[in-house]
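To keep things clear, I will list the structure first and then write my remarks on it.
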Amino acid sequence: MFSNVLPRILVIVGTVSAICTLPLFLLELLDFDEALLAAFGIVVLNLLLTRYFLRDIREGLSALELGLLNLKDGEYATTLSYQNKDELGKLCELYNDTALQLRSEKHWLYQRELLLDKVTQSSPEVLFLVNDQLQVIFSNIAARRFFNCPTGIDGELIDSLLDTAPQGAEAAISDRKEGLFTLAVDDNEPQTWHMSTGSFTLNNQAHTLFILKQMTRELSRQEVAVWKKVIRVISHELNNSLGPISSMLHSGKILSENLEEARLARVFSTIDERIKHLSDFVQGYGKFAKLPEPKIQANDWNNLLGELAPQWQFVDLSEPDQTIYADPVQLEQLLINLLKNAHESGSNPEDVSISLEHRNTDSCIIVMDKGKGMSDTVMASALIPFYSTKASGSGLGLALCREITDAHHGQIALYNRDEGGLVVRVVLPSHS
């Protein structure tokens, strides 16, 4: 860059020096050869002095040139060694301060990039960025699992990825319509998802960011919270009424002891029976509405099934000597409800089976029967409190099972068997 500037300075100095030596040729004291030799010596001396005094300038300009080339290449770690106390030295010092500041800012941005990448990659939400040519340029791990492409989807066209996406995702992503949509996964088990999009310009090119979030558990949690509130209100009102009624019934029995009226005794007996039934009803729903926080501990699976065997007949398909981590009281209640439903499904007792399987970090409980199964309408509402297809059912059994499963941060799912009957699968996290 400076290879042409310094030679020009030397040419200018040489030319000016040569012009200044012209009076030597006009003096009569020197002949022409002597004047020429003196002029040559003066020009050479001026050039050498000029080159000597320009050496620092050459060194400083070369250092600045090298530093600016490093900045152009994005390299901020190099500093200039030129430290003379002149104007170029001040410029080099200013350059070094600027390079150190840029290096610090680059390091901070790099750390923020790593943090952002860590957050996006570990996020359970499905994130992927698409450019205006419908090509994926960024995706996280959840997106690769969603599209069933473990090797990565960056660089793929979104239209080709929709072929491997769960059923129901194609229409939602193609229309780019924000809001809730339903997917059919895991043997057509419906799941509710929410999609949001954002458009922005990156490198003068339009991009769209897709964010897909699993909402099934959140919606179920909100639904259960509403039912709990309803149950608490109903329980409170019933308890407020049952207390006075029970007291009045007791007083009526005392007043009627000397009447010797059989029909009145039957009336009081019927009222007392219904009060007890209603009290049990309220207590059952109160247990659902006020389920305590589970106390996780190791449970011997064989011992647990041994305690249930006298109450319910079933076939144990589990491997021996297995351990499951859960609240023992809530786990027992869960199994009692599932076995009770299996026996009330119309299945033969010998066709009811239960098994425990360990899969990576999860423990999977499977209860199967060969009863009537469930229709799609019944299965969609089977886990909702108060819903029951039995004439004397309370609609609490499976709802309590879901509540216990959610309290353990697990999942529960219902499936109809191809050969008839129902499969209930409960997945609980394993703890070490």
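Annotations for the structure displayed:
- A Gaussian network model of the chain, with springs between Cα atoms under 10 Å, assigns the largest mean-square fluctuation among Ala18, Ala326, Ala172 to Ala18.
- Net length gained if the chain between Ile42 and Glu178 were fully extended (0.36 nm per residue, minus Cα distance): 40.4 nm
- Centroid-to-centroid, using Cα positions, region 38-81 and region 296-368 are 86 Å apart.
- The chain - charge dipole about Cα centre, Lys and Arg +1 at Cβ, Asp and Glu -1, debye rounded to 20: 1300 debye
- DSSP H segments from the chain that extend 20 Å or more along their own axis, Cα-based, with Kyte-Doolittle mean of -1.0 or above: 5-20, 32-53, 55-72, 87-122, 216-255, 262-289, 328-343
- FRET efficiency for Glu332 and Ile245, using Cβ-Cβ distance with R0 set to 30 Å, rounded to 0.05: 0.35
- Stretch gain in nm, segment Cys20-Glu170, where the contour uses 0.36 nm per residue and the Cα spacing is subtracted: 45.2 nm
- Projecting the Cα positions of Gly243, Leu45, Val352 onto the charge dipole of the chain (unit charges on Cβ atoms of Lys, Arg, Asp and Glu, taken about the Cα centre) puts Gly243 furthest along the positive direction.
- Ordering Trp108, Trp301 by the number of other Cβ atoms within 10 Å of each residue's own Cβ, fewest first, gives Trp108, Trp301.
- Two-site FRET efficiency, Leu49 against Phe200, from Cβ-Cβ distance with R₀ of 45 Å, rounded to 0.05: 0.15
- Remark: Lys106, Lys213, Lys90 ranked as Lys90, Lys106, Lys213, counting other beta-carbon atoms within 10 Å and listing the fewest first.
- As a proxy for reagent exposure, ranking Cys92, Cys149 by other Cβ atoms within 10 Å from fewest up yields Cys149, Cys92.
- Ala77-Ile137 pseudo-label distance in nm [points 7 Å out on the Cα-to-Cβ vector]: 2.8 nm
- Using only the C-alpha atoms, the convex hull of the chain corresponds to 272 Å³ per residue.
- Residue among Asp154, Asp175, Asp117 with the largest mean-square fluctuation in a Gaussian network model of the chain, springs linking Cα atoms under 10 Å: Asp175
- GNM top mover of Ala63, Ala413, Ala382 - the chain, alpha-carbon springs below 10 Å: Ala63
- Relative contact order (percent, whole number), the chain, Cα cutoff 8 Å, 6+ residue spacing: 8 percent
No value in this document is a laboratory result; all are computed from the given coordinates. Note that the structure is predicted; figures quoted are calculated from it, not measured. Quick reminder, even Gly has a Cβ in these numbers, built from the backbone with ideal geometry, and neighbours come from all protein chains shown.
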